[in-house]
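Novice: My questions all concern the structure below.
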Amino acid sequence: MQLLMAMTGKDGTEWLNAVRDAMPGAQVRSWTADDDAAADYALVWRPDPRVLKGRHGLKAVFNMGAGADALLALAKEDPELVPESLPVFRIEDAGMAGQMAEYALYAALRHLRRFREYELQQRVQTWRPLRPRLAQDFNVGILGLGSLGAEVARRLVGWGFNVRGFSRREKDIEGVQCFAGDKAFDAFLTDLDVLINLLPATSQTHGILEKKCFSKLRRGALVVNLARGSHLVQDDLLDAVRSGQVGGAMLDVFSVEPLPSQHPFWSEPAITLTPHISAVTQVNESAAQVSKKIAMLERGMTPGGRVDFALGY
């Protein structure tokens, strides 16, 4: 079995060794510009278009991360590179859900306990207790209830928050008030104290974090974006923060990364930035997952995590 790997922006040697360890019977190689040899499976992350060009013998492509938007963009630009008949699979969780839940929980607790306000008080040597708030009275909304969003929601329920979730289709998660479909979106947003975005990047979700969305939240709410930079209308967030409608934001993803040095987010005190680290793909867990999925495909079975071209995830 021939496996071809092309991992833009990742440690190719680490991934290559992990996949070889997980699949000792396979021939695994890294892509080079002159590589035109046959391959049964391609394991990629934001690949150069040449990686997939002319590889008509592929049985499947594995997107080595949770978000397949870059790969789907290639398919849109040139359908011959990634035809819809070619199965594309994404990594499911593989250690990411726990990390994402930690980030989201920290954001919610920091806002609940007003720690940012205390940090500001410390800078001016002010000793003033603020009115306490209780988790059970705090509305936290999770945009997107896939494998990552569902785990985040469950963790927040475990800490006593009043948790809502929004998804395209109906979901049932214990302790979570679930909303589904466009008609339920406003009801989901109304009076949220914290909004956490974990949606996939699609044409339908592009720019979903915008002025109208922010206006539905409880005044002073926290906005947390852990999904994709394309979800956020940046100027609308700045306006909402400066007006006080949004009390603060924690942003881990951006339309341009690294964030340009002159971007106004850097100097906005109510916005906390992190460099796309909310959930780092775990190499060994991901390699093991791909190994299991390839074994299923070789037996004629259908593994989970197949990307739906129409839905965009």
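Novice: Show that you can apply the helix-only estimate: for the chain, add -39,500 (n - 2.57) for every DSSP H stretch of four or more residues, divide by all residues, and state [θ] at 222 nm to the nearest 500. Walk me through the intermediate numbers first.
Specialist: Numbers: 9 runs with 95 residues, N = 313.
That comes out to -9000 deg cm²/dmol.
Novice: Now a separate question. Given DSSP loops and a limit of at most 15 other Cβ atoms within 10 Å, what is the longest stretch of the chain that contains no such GluC sites (Glu not before Pro)?
Specialist: 175-313
Novice: Just one of [x] 58, 47, 37; [y] 78, 73, 37; [z] 67, 42, 34 is Cα extents along the principal axes in Å as worked out from the coordinates here. Which one is it?
Specialist: After the calculation, the listed value that fits is [z].
Novice: Using a simple spin-label model with points 7 Å from Cα along the Cα→Cβ vector, what separation in nm is obtained for Asp35 and Asp137?
Specialist: Taking the two extended label points, one gets 5.8 nm.
Novice: Next question. If R₀ is 35 angstrom, what is the calculated FRET efficiency for the pair Glu257 and His56, using the beta carbon separation as r and rounding to 0.05?
Specialist: Working: r = 33 Å, r/R0 = 0.95.
E(calc), rounded to 0.05, equals 0.55.
Novice: Considering the convex hull of the alpha carbon atoms of segment 45-123, report its projected area averaged over all viewing directions, in nm², one decimal.
Specialist: Answer in nm², one decimal: 8.0.
Novice: Excluding Ala287 itself, calculate the net charge of residues whose Cβ lies under 13 Å from the Cβ of Ala287, where each Lys or Arg counts +1 and each Asp or Glu counts -1.
Specialist: Counting the neighbours of Ala287, the net charge comes to 0.
Novice: Could you work out how much longer the chain between Glu210 and Leu109 gets when fully extended? Use 0.36 nm per residue separation minus the Cα distance between them, nm to one decimal.
Specialist: Result: 34.0 nm gained on full extension.
Novice: Here's another thing I want to ask about it. Quick check: the distance between the Cα centres of segment 220-235 and segment 122-161, to the nearest angstrom?
Specialist: Taking the Cα centre of segment 122-161 as reference, the centre of segment 220-235 is 16 Å away.
Novice: Relative contact order (percent) for the chain, with alpha-carbon contacts under 8 angstrom and 6 or more residues of separation?
Specialist: In percent, rounded to a whole number, it is 16.
Novice: Show the residues, 5+ positions off or on another chain, whose built amide H is closer than 5 Å to the amide H of Val28.
Specialist: Here the answer is Leu3, since their amide H atoms fall under 5 Å of that of Val28.
Novice: For segment 149-256, how big is Rg over Rh, using alpha carbon atoms and the Kirkwood form of Rh?
Specialist: My calculation of the ratio gives 0.94.
Novice: Which order do Lys293, Lys10 fall in if you start with the one that has the fewest other Cβ atoms within 10 Å?
Specialist: Lys10, Lys293
Novice: Can you work out the PRE-style zone for Leu120? Point 7 Å along Cα to Cβ, and I want the residues of segment 216-237 with backbone N under 13 Å.
Specialist: 220-222
Novice: On to the next question. Below 8 Å, C-alpha to C-alpha, sequence gap of six or more: please give me the relative contact order for segment 96-273 in percent.
Specialist: Numbers: 317 pairs, mean separation 29.0, N = 178.
About 16 percent, as a whole number.
Novice: Let me spell out the model: positive unit charges on the Cβ of Lys and Arg, negative unit charges on the Cβ of Asp and Glu, origin at the Cα centre of the chain. What dipole size does that give, in debye rounded to 20?
Specialist: 940
Novice: Is there a quick way to get the dipole size of segment 96-273? I mean about its Cα centre, with the Cβ of Lys and Arg at +1 and of Asp and Glu at -1; what is the value in debye to the nearest 20?
Specialist: Details: 22 positive and 19 negative charges, 95 e Å.
In debye, rounded to 20, segment 96-273 gives about 460.
Novice: For the modelled label position 7 Å from the Cα of Arg306 along Cα-to-Cβ, which residues of segment 24-48 have backbone nitrogen atoms closer than 17 Å?
Specialist: Those under the cut-off are 41-42.
Novice: Can I ask one more? Write down, largest first, the equivalent ellipsoid semi-axes of segment 181-313 in whole Å, where each equals the square root of 5 times an eigenvalue of the alpha-carbon gyration tensor.
Specialist: On the way: eigenvalues 223, 73, 30 Å².
Ellipsoid semi-axes (Å, largest first): 33, 19, 12.
Novice: Evaluate the distance, in nm, between pseudo-label points positioned 7 Å from the Cα of Trp159 and of Glu268 along their respective Cα→Cβ axes.
Specialist: Simple spin-label model gives 2.3 nm for this pair.
Novice: What does the convex hull of the alpha-carbon atoms of segment 1-62 project to on average, in nm²?
Specialist: Mean orientational projected area (segment 1-62, Cα hull): 3.9 nm².
Novice: Right, something else. Within a Cβ distance under 12 Å of Gly181, other residues only, what is the Lys/Arg minus Asp/Glu net charge?
Specialist: +1
Novice: Output the relative contact order of segment 1-157, whole-number percent, from Cα pairs under 8 angstrom with separation of 6+ residues.
Specialist: Rounded, it is 18 percent for segment 1-157.
Novice: Got a sec? Charge dipole of segment 96-273, +1 on Cβ for Lys and Arg, -1 for Asp and Glu; which of Gln262, Gly247, Ser167 is way out at the positive end?
Specialist: Value: Gly247.
Novice: Using θ = phi - 60° and the Karplus curve 6.51 cos²θ - 1.76 cosθ + 1.60, what whole-Hz ³J(HN,Hα) does each residue of segment 96-105 get, with Gly and Pro shown as x?
Specialist: So the J values, rounded to whole Hz, are 7, 4, x, 5, 4, 5, 4, 4, 5, 5.
Novice: Applying 1/(1 + (r/R0)^6) with R0 = 22 Å to the Cβ-Cβ distance of Asn17 and Glu298, what FRET efficiency is obtained, to the nearest 0.05?
Specialist: Values: r = 22 Å, r/R0 = 1.01.
E between Asn17 and Glu298, to the nearest 0.05, is 0.50.
Novice: Quote the charge dipole size of segment 1-96 about the Cα centre in Debye, to the nearest 20; the model charges only the Cβ of Lys and Arg (+1) and of Asp and Glu (-1).
Specialist: The calculated dipole for segment 1-96 is roughly 80 debye.
Novice: Residue-wise, which Karplus ³J(HN,Hα) couplings in Hz belong to segment 68-73, taking 6.51 cos²θ - 1.76 cosθ + 1.60, θ = phi - 60°, and x for glycine or proline?
Specialist: 9, 4, 5, 5, 5, 5
Novice: Arranged by the count of other C-beta atoms within 10 angstrom, fewest first, what order do Cys213, Cys178 take?
Specialist: Cys178, Cys213
Novice: Another question about this same structure. Got a sec? Charge dipole of segment 1-85, +1 on Cβ for Lys and Arg, -1 for Asp and Glu; which of Phe62, Leu52, Ala73 is way out at the positive end?
Specialist: Farthest towards the positive pole: Phe62.
Novice: Measure nothing fancy, just the Cα-based angle from helix 234-243's long axis to the longest principal axis of the chain, in degrees from 0 to 90, nearest 10.
Specialist: 10
Just so you know, all these numbers are worked out from the coordinates, no wet-lab data involved. Just so it is clear, the model here is predicted, and its values are computed rather than measured. Counting neighbours? That spans all protein chains shown, and the Cβs are built from the backbone with ideal geometry, glycine included.
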